[in-house]
Each structure stands twice: as structure tokens, then as C-alpha cells.
Amino acid sequence: MVAPQFVLRDTEGTVHGPDEWSRAQAIVLFFTTIDCPLSNSYVPEMNRIRQTYSNRGVAFYAVQTDTTIAEAEVRRHARDFAFSFPVLIDPRQSLVQFAEATATPEVAVLSNSGKVLYLGRIDNRIEDFDKRRSVVTESDLRNALDAVLAGRPVPHARTPVVGCGINFVTQEKKP
């Protein structure tokens, strides 16, 4: 699989592309949107996971999935929720489509060549929209990262996600 070709700005104006990935042991893409309460509730855990794994060569990005939200609102949201890693503005949903994400918060773990190694939930804290565990019993993303960093296959490469559905951009047909 070939890494997606993209050039995306983050909320701070820095431009990112797949060339950054070659230096990483793994890439984590958190698919988020500003108006999903489930996604917003996971930002502290996303930051904790980044803090744990970034010094082990894992690169982290959030990807804003809703293309109808103004960039200024996304920037404000990134500041207000204190994301500790870049929040990418993806107006064509190139990374959403590449990873085949369908909901927020969903997470993809990629190899540095762009292969999707894991796609699914962060953990099992949210069982359903109105049902949450008080204690996480399955840390799916951490387990996936531990396997990748140890050179092992991810034990469960796909896990179900409870979250807000991603509104997909319709591509205009060329004559």
C-alpha cells in the first residue's frame, strides 16, 4: 500500500505531508470533529497516549473530519481542548478516505509507509451512546501501538467504534 499523497495545514498554519511519516515508528490519526461530545470527551486520553508514545517514535495527528466547519472554529476548538499534537484541516477528507474511517472518535495506526495497521476505537470506555464504563477494560489503541513497536502484528486490527458518523464530502463528477 502506498501512503496517501496529501499536503494539509494544521490549526497553527504548519504544513504537513507524508514525508514526515518516514521518520516515525508508527503514525496515529485521531479522527475528530468539534461538535461530537464523544470525540471531545476523549481529548484528554488522546493527549495522555501521545505523551506515553511520542518519545518512542510515534507521530500523532488529529484530523478534522467535518468539512463544513470554519477553520477559525477548528482552531478555537484545538486551543480550547488543548490538543497536544497537530490538528489537521482536511477539506477533501483525504486521510478519512484513505483510512476508511466512518466515525469520531475513531483512530488509525499506520506504518511509516502508510499501511493501515489498526482502525477502530481508542478503548472500550464507551459501550453505547448512553452507556459508559467506569473503568476501561480494553485499551485497544495502546495494545495496537505496543504490538507495532514490538514488531508484532496487531492482535485485533479492526474494532467497533461508537461515535458520531462522519459526513462525507461528495466528489463532483468531471464531464
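The values are calculated or read from the model by the stated rules, or taken from the named source; none is laboratory data. All figures in this text were calculated on a predicted structure; none of them were measured in a lab. Ideal geometry is used to build each Cβ from the backbone, glycine not excepted, and the neighbour counts take in all protein chains shown.
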With the condition kept exactly as written, say whether any residue in the range 95-109 is over 14 Å from the mean Cα position of the chain (by Cα), at pLDDT 95 or above and surrounded by 16 or more Cβ atoms within 10 Å (Cβ to Cβ).
-> no
Only one of 89, 126 that is β-branched (Val, Ile, Thr), touching a Leu at 6+ places or on another chain (Cβ under 9 Å) and closer than 13 Å to residue 29 by Cα | 89
Out of (1) more than 20 Å from residue 163 (Cβ to Cβ); (2) touching a helix residue (DSSP H, G or I) at 6+ places or on another chain (Cβ under 8 Å); (3) of a type outside the set (A, V, I, L, M); (4) surrounded by 19 or more Cβ atoms within 10 Å (Cβ to Cβ), the odd one out for residue 86 is which?
-> (2)
Tally, over the range 108-123, of residues that are farther than 19 Å from residue 47 by Cβ and part of a loop (DSSP other than H, G, I, E, B) = 5
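If we keep just the residues of the range 55-74 that are surrounded by fewer than 18 Cβ atoms within 10 Å (Cβ to Cβ) and touching a residue at least 24 places away in the same chain (Cβ under 8 Å), which is nearest to residue 9 (Cα to Cα)?
Going through the range 55-74, the residues surrounded by fewer than 18 Cβ atoms within 10 Å (Cβ to Cβ) turn out to be 55-57, 67-73.
In the following step, the residues that additionally are touching a residue at least 24 places away in the same chain (Cβ under 8 Å) were identified as 56-57, 67-69, 71, 73.
Numbers: 56: 25, 57: 22, 67: 14, 68: 16, 69: 15, 71: 10, 73: 15 Å.
Looking at the filtered set, the residue picked out is 71.
Which ones in the range 89-107 are in a helix (DSSP H, G or I) and either closer than 19 Å to residue 120 by Cβ or touching a helix residue (DSSP H, G or I) at 6+ places or on another chain (Cβ under 6 Å) (or both)? Full working, then the answer.
Taking the range 89-107 and keeping what is in a helix (DSSP H, G or I), we get 94-99.
Matches in the range 89-107: 95, 96, 97, 98, 99.
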Please enumerate the residues belonging to the range 129-170 that are assigned to a helix (DSSP H, G or I) and free of Cβ contacts under 8 Å to residues at least 60 places away in the same chain.
-> 140, 143, 144, 146, 147
